[in-house]
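Written out below as C-alpha cells is the structure these notes cover.
What follows draws every value from the coordinates through simple rules; no lab data is involved. A quick note: this is a predicted structure, and the numbers were derived from the prediction, not measured. Glycine gets a Cβ as well: all are built from the backbone with ideal geometry, and neighbour counts include every protein chain shown.
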Amino acid sequence: MTTGLYYSPRYLAHEAPGHPESPARLETAWGQLQRYGLLQDVAVAEPPPAALEDLERVHTPAHIWAVRALAADGGGWMDGDTFVAAASYEAALLAAGAAIAGTDAVLSGRQENAFALVRPPGHHALPDRAMGFCLFNNVAVAAAWARARGGAERVLVVDFDVHHGNGTQDIFYDRADVVLFSTHQFPLYPGTGRLGETGVGAGEGYSVNLPLPPGCGDAVYLRAFDEVLAPLARRWRPDLILVSAGYDAHFSDPLANMRLTVDGYVGLVERLCALARELCGGRLVALLEGGYNLGAVAASVVATCQVLAGQAPIGDPLGTPPAVPAPRAADDVLAAARELHHIS
Ligand code: ZN
C-alpha cells in the first residue's frame, strides 16, 4: 500500500510579503522531501480544487464569496493577521481539494494513508469567517466530505498544532460523528480550547481539549497521546483519522513556547499510525497547518512522511533544547482530562 502526497505549486502564490505564513514554508519542505528521496517513495499528486458544494458543508456561501471577491479585487486583509492575495482563492480551493483527494484515496483503499502539504492552513477558519491565517477549514471540509460522500461513519480529528483548532471545534461542536482531540498551548491565540469545552447536545463529550502550559516537551505530548487520546480513540472506534499537523509546538518556533523536537513529532505520528492500523485499517490523512521555523517544519514534514511510508525516520537534524523539567501543571491537565472524559 502506498502513501499519497498532495501538493500544488500554486500554493506558493498565496503570499503577503513579510508574513510568517509564507510560501517558503512549503518550498523548504518540498526541497527536503526531494533531498531525502521521499518523492520517489510516495505517490505525488496535484489535487483538483474543492467544489463549492464541498466547502458549503462547513462554510456559509457568504464567507466563500467574501474570499473570492477579495481575491478578485487583487487581495486585502480578512482580519488583522489573515491576508488574501489575488491567487489566494484558487490556492485555498486547492488546499481543501488536497484534503478531499487524500481522504478519497484512503477511504477507497487506493492508498493506505496520505499527507497534504498545503497552505493556506485551515483549522482556525470558522463557518462564516476567516481567522488566524486560515481561509477555508481544510480538515473540516475533508471530515464533512468523508461523512457525506466517503462512506465514513465516524471521523476522528487529531489536532497537534500548538494553537487550538477552534474552527474545527466550532463546526462539529454539536456532532458525535466527527470527534476532535486537540493539544495546544494555553493561554495562547485564539484563547479557546479549555478543558471544559467538551461539546453540546449530541456532541457532548466528543470535543476533547488539552490546554497545556507553556514549556511542555516530547514527554508530555507522548503521555497525552498514550493516556488520553489512545483510550478515547478505542472508545470512539473511528473509521478514519484526520490529523491537523501543525509543527509550531517545535522548540524553535517563533510564535509559541512549547519544546517539542522532530523526534517528538515522530513519536506522535507513530502512535497515530498504530491507532489507525488498530482501529481503521491504517486509514489516516495528515494535513499541514502551522509551523513557522522553516527548518523545523521541513524536517518534521520529512519525518512525518517517512513514518507514514513505513520508513525509518532520518533522525533529528535540529537536535534537542536544553533539558528542563516538564511544567507540573501539565500533570494536572492530563489528570483532569482523564477524569472529565471518564478514562479509568
Ligand atoms: Zn498554529
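Name the residue from ALA274, ALA336, LEU288 whose Cα lies farthest towards the positive end of the charge dipole of the range 3-340, charges +1 on Cβ of Lys and Arg and -1 on Cβ of Asp and Glu.
In the range 3-340, that residue is ALA274.
How much net charge surrounds VAL307 when only the other residues with a Cβ under 14 Å from the Cβ of VAL307 are counted, with Lys and Arg +1 and Asp and Glu -1?
Local charge sum for VAL307: -3.
What ranking do 255-262, 149-156 get when scored by the average of other Cβ atoms within 10 Å per residue, highest first?
Result, highest mean Cβ count within 10 Å first: 255-262, 149-156.
Starting from the Cα-Cα distance between ILE343 and GLN34, subtract it from 0.36 nm times their residue separation and give me the gain in nm to one decimal. Before the final figure, lay out each step's value.
On the way: separation 309, 0.36 × 309 = 111.24 nm, distance 4.27 nm.
Working it through step by step, the gained length comes to 107.0 nm.
Residue by residue, what Karplus-based ³J(HN,Hα) values in Hz, rounded to whole numbers, does the range 74-86 have, using 6.51, -1.76 and 1.60 with θ = phi - 60° and x for Gly and Pro?
Couplings: x, x, x, 10, 8, 8, x, 10, 10, 9, 10, 9, 4 Hz.
Calculate, in nm to one decimal, what GLU53 and GLN311 gain on full extension: separation in residues at 0.36 nm each, minus their alpha carbon distance.
89.2 nm
Could the peptides 329-339, 165-175, 204-214, 129-139 be put in order, highest first, of the mean number of other beta-carbon atoms found within 10 Å of their residues?
So the order, starting with the most tightly packed, is 129-139, 165-175, 204-214, 329-339.
Each label point is 7 Å from the Cα along the Cα-to-Cβ direction; what then is the distance between the points at ARG235 and ALA202, in nm?
The answer from the label model is 2.0 nm.
Just from its helices, what would the mean residue ellipticity at 222 nm be for the chain, if runs of 4 or more DSSP H residues each count -39500 (n - 2.57) and the sum is divided by every residue, rounded to the nearest 500 deg cm²/dmol?
Counting only the DSSP helices, I get -11500 deg cm²/dmol.
Give me the net charge of GLU339's neighbourhood, meaning all other residues with Cβ under 14 Å from the Cβ of GLU339; Lys, Arg count +1, Asp, Glu -1.
Charge balance near GLU339 sits at -2.
Positive end of the charge dipole of the range 12-74 (Lys, Arg +1 and Asp, Glu -1 on Cβ, about the Cα centre): tell me which of SER22, TYR36, THR60 has its Cα farthest that way.
Comparing the listed Cα positions along the dipole, TYR36 ranks first.
Can you compute the charge dipole magnitude of the range 3-340 about its Cα centre, using +1 on each Lys and Arg Cβ and -1 on each Asp and Glu Cβ, nothing else charged? Give it in debye, rounded to the nearest 20.
440
What whole number of Å gives the distance from the Cα centroid of the range 3-34 to the Cα centroid of the range 50-76?
First find each Cα centre; the distance between them is then 21 Å.
Quick check: net charge around TYR206, other residues with Cβ under 10 Å of its Cβ, Lys/Arg +1 and Asp/Glu -1?
It works out to a net charge of -1.
Could you tell me the center-to-center distance, by alpha carbons, between the range 182-232 and the range 276-325 in angstrom?
After rounding, the separation between the Cα centres reads 19 Å.
Taking the highest mean first, how do the peptides 289-297, 107-115 order by number of other beta carbon atoms within 10 angstrom per residue? Mind showing how you got there, number by number?
Working: 289-297: 23.6, 107-115: 20.8.
My ranking of the peptides, most packed first, is 289-297, 107-115.
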